[in-house]
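One structure is given here, and the rest of the page talks about it.
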Amino acid sequence: MFPHFLFLCSTALLTHASLLPRADPPFQSIPTTPTTPDNHYNTGTHLFQAQPPDKTGISVPSVYGPRSVDIPFALLNKGRLKLFTAGQLNTPAGITDKWAPGVDDFANQSACGIPDNAFEPSKVAIHPYWLKYAPAGLGLGRYCMQDVCISVWNDSGDGEGAGDDVELKVTDICSTDPSDPSHCATPSDIKIDRIKADLLYSNVKNVSREQRQALNAGAEYPGTIYWFFSKCWDDGLPQPVYNTTKNWFANPPLPNSSAWSKATIVQQYKNNQANYPKHGLPRYKNGAYTAGQHRQQSIFDISSDWKKGDPEPKWSPVAGGKGFGKPTGDCD
């Protein structure tokens, strides 16, 4: 494990040039306090606009490219799908979920300091276990960067087909408190917006009444999912109304390219396999975009590296964030 993985608080986000391998590019800049005032994040035009066309052969800022070691892109998990229960989005009490220009956009709506509607409804909260993989002491900040997404696949892909999928942007840490009905019990669990969950299962023919009720109002979908860390594209990019340079999470802009995303996570997977053992991190198989038996054989055995009751990495929100996880960092 990196010696500097122990320093996961947001105050460690200011500069890490001395810790980065010489050949690696710098990371996207993550602020410790908001850089955009509340309710000034969007341009006021219509939400839910289509993303720019998916392109190939494009130039992508180096801050989003592969590096010698990074978080476990392409590591395949089989877990449970938890659902935000306080309304459709992860909003504090008293704040409506309805979007309007210049209304209800607050940094404290997520641990990453990203307002709910910026990626609405394509947001996901992860178990704090994954913070230990963040290089250069970045902790949560690494997962808040524009290139870190999760590709989620439903449980209808055990045969020849891969099933249906959605792309989600990491913006939050999931609660691990068992008293929370929607807590993430293991690192293989994720929490997402129920609108996106409904989309994930919209083409599945055999959704039971119990599963449909869970999608409508439950805290957890009663079924398994498959997911892996991916490089963001399409729905993992900010809504165009929020994709402006004044917003740190959209700067520099990340073009929409599935080809770049897939090629980059494959390269990062290879780099990680070469360098993870040097830092006490487990090797894993490339489970991205798999189906059938290959998918089953590629699932990461989380029990080999995590046990219930293991100490969780300390973390603090960034960019004025708060979220609904339970921060354990002791530096502000």
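The values are calculated or read from the model by the stated rules, or taken from the named source; none is laboratory data. Since this is a predicted model, take the numbers as computed values, not measurements. Cβ coordinates were reconstructed from backbone atoms using ideal geometry, including for glycine residues, and neighbour counts include every protein chain displayed. Calculation scope for accessible area: heavy atoms of the full protein, side chains included, ligands and nucleic acids excluded. Shrake-Rupley method; radii C 1.70, N 1.55, O 1.52, S 1.80 Å.
Structure data summary
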| quantity | calculated |
| --- | --- |
| C-alpha center-to-center spacing [region 225-302, region 133-209] in angstrom | 13 |
| Cα-only Debye scattering, the chain: base-10 log of I(q)/I(0) at q = 0.11 Å⁻¹ | -0.65 |
| For region 228-294, projected area of the alpha-carbon convex hull averaged over all directions, nm² | 6.1 |
| Accessible surface, the chain, averaged per residue in Å² (probe 1.4 Å) | 41 |
| Charge dipole (debye, nearest 20) of region 144-219; +1 at Cβ of Lys and Arg, -1 at Cβ of Asp and Glu | 300 |
| Most fluctuating residue given options 316, 304, 151, as computed from a GNM of the chain linking Cα atoms under 10 Å | 304 |
| Net charge dipole size for the chain [Lys, Arg +1 and Asp, Glu -1 on Cβ; Debye, nearest 20] | 720 |
| Flagged links, alpha-carbon separation over 30 Å, of 123/278; 132/322; 270/307; 78/262; 82/262; 55/326 | 123/278; 55/326 |
| For residue 210, solvent-accessible area (1.4 Å; no DNA, RNA or ligand), Å² | 120 |
| Gyration tensor verdict on region 208-332 (Cα atoms; rounded if a/c is under 1.5, prolate if a/b is larger than b/c, oblate otherwise) | rounded |
| Proximal charge balance of residue 229 [Cβ under 12 Å; K/R count +1, D/E count -1] | 0 |
| Percent carbon-and-sulfur accessible area, region 247-302, ignoring ligands, DNA and RNA, probe 1.4 Å | 52 |
